1. Have a look at 43, 88 and point out the one that is open to solvent by 10 Å² or more (accessible area, probe 1.4 Å), more than 16 Å from the ligand (Cβ to nearest atom) and among the charged types (D, E, K, R).
2. Answer yes if at least one residue in region 51-61 is open to solvent by 70 Å² or more (accessible area, probe 1.4 Å) and within 12 Å of the ligand (Cβ to nearest atom), and no otherwise.
3. Please enumerate the residues belonging to region 92-150 that are hydroxyl-bearing (Ser, Thr, Tyr) and either in contact (Cβ under 8 Å) with a residue 40 or more places away in the chain or farther than 20 Å from residue 179 by Cβ (or both).
4. Restricting attention to region 26-60, which residues are farther than 27 Å from residue 111 by Cα and part of a helix (DSSP H, G or I)?
5. For residue 4, which of the numbered conditions (1) surrounded by 17 or more Cβ atoms within 10 Å (Cβ to Cβ); (2) at pLDDT below 95; (3) more than 16 Å from the ligand (Cβ to nearest atom); (4) not hydroxyl-bearing (Ser, Thr, Tyr) fails to hold?
6. For region 187-211, give me each residue that is open to solvent by 40 Å² or more (accessible area, probe 1.4 Å) and either touching an Asp or Glu at 6+ places or on another chain (Cβ under 7 Å) or part of a loop (DSSP other than H, G, I, E, B) (or both).
7. Tally up the residues in region 173-183 that are open to solvent by less than 50 Å² (accessible area, probe 1.4 Å) and within 16 Å of the chain's Cα centre (by Cα), please.
8. Out of 136, 93, 97, 129, I need the residue that is out of contact with any strand residue (DSSP E or B) (no Cβ under 8 Å at 6 or more places or on another chain) and charged (D, E, K, R). Which one?
Amino acid sequence: MNKADTSSFTVVIAIDGPAASGKSTVARALAARLGYRFLNSGDLYRAITWNCLSQDVDCRNVGAVASAVGNSHVEIGCDGTDYYPVVDGADPRAHLREQVVNANVSPVSAVPAVRYILSAAIRVHAQGRQTVVEGRDIGSAVFPETPYKFYIDAPAQVRQRRRRDQGQTEEIAKRDFIDSTRSTDPLTIAPGATVIDTSTLDVEGVVAAMVEKICAQGLVFDRTRR
Ligand code: CDP
């Protein structure tokens, strides 16, 4: 298959892992290397959370969150090579990393209706595209059929230090606990996923390991891209 042949195919590279494991950085770098687009699914969950908070919805009330998400309209916009969420016509990107969103995003993400709506939107969006998608359940639940799956990890202390270095005081362990123990699509290592520990590898090293793996799996892409 030559490069032109791949352009109308759906290809999803799934990258999952806990908070501050380095997923976004390596996912964006891998997308650039392959000439793919990048979708941070966590931004969609954060956008729904921000939308609930903007409407004074109690984010601990499952019924209220389900009703709010059912009445909202989620779209996926494109900015250069990155996709981003649009909710009810608003671009919430300036608010997605606020502390109040950090504190409420995991309870909101545990609501089955939220997961159902966002997983469906991501699946529809990926059709006919070549995308690196990162999140918590991408390889296990959203695209279990993709052969290209990675689980990015690092010890909890390393991940907490990274968040502090980014100027954030958030206790990521709380989010990891809720994300790993929820009943619908919890954070888990998808069957067949390649696990990469980012504590001893730099971004280039992680991307190189991923490229080696997907090439060995037979994915064809323009190798002259940097
Ligand atoms: O970047 P960080 O590791 O802090 O997290 P994120 O990717 O922005 O995701 C924020 C939150 O969204 C997670 O803690 C999960 O609660 C939720 N999430 C999810 O449930 N499923 C996904 N596919 C992506 C994110």
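1. Of the residues listed, the single one that is open to solvent by 10 Å² or more (accessible area, probe 1.4 Å), more than 16 Å from the ligand (Cβ to nearest atom) and among the charged types (D, E, K, R) is 88.
2. No, the conditions are met nowhere in region 51-61.
3. 106, 109, 119, 131, 140, 146, 148
4. 26, 28, 29, 30, 31, 32, 33, 34
5. (1)
6. Passing the criteria: 188, 189, 191, 192, 195, 197, 199, 200, 201, 202.
7. 3
8. None of the others qualify; the one that does is 97.
The values are calculated or read from the model by the stated rules, or taken from the named source; none is laboratory data. Computed from a prediction, not measured in an experiment: that's the story for all the values here. For neighbour counting, all protein chains shown are included, and Cβ atoms are generated from backbone atoms with ideal geometry for every residue, glycine included. When the accessible area is computed, the model is the full protein with side chains, heavy atoms only, and any ligands, DNA or RNA have been set aside. Shrake-Rupley method; radii C 1.70, N 1.55, O 1.52, S 1.80 Å.
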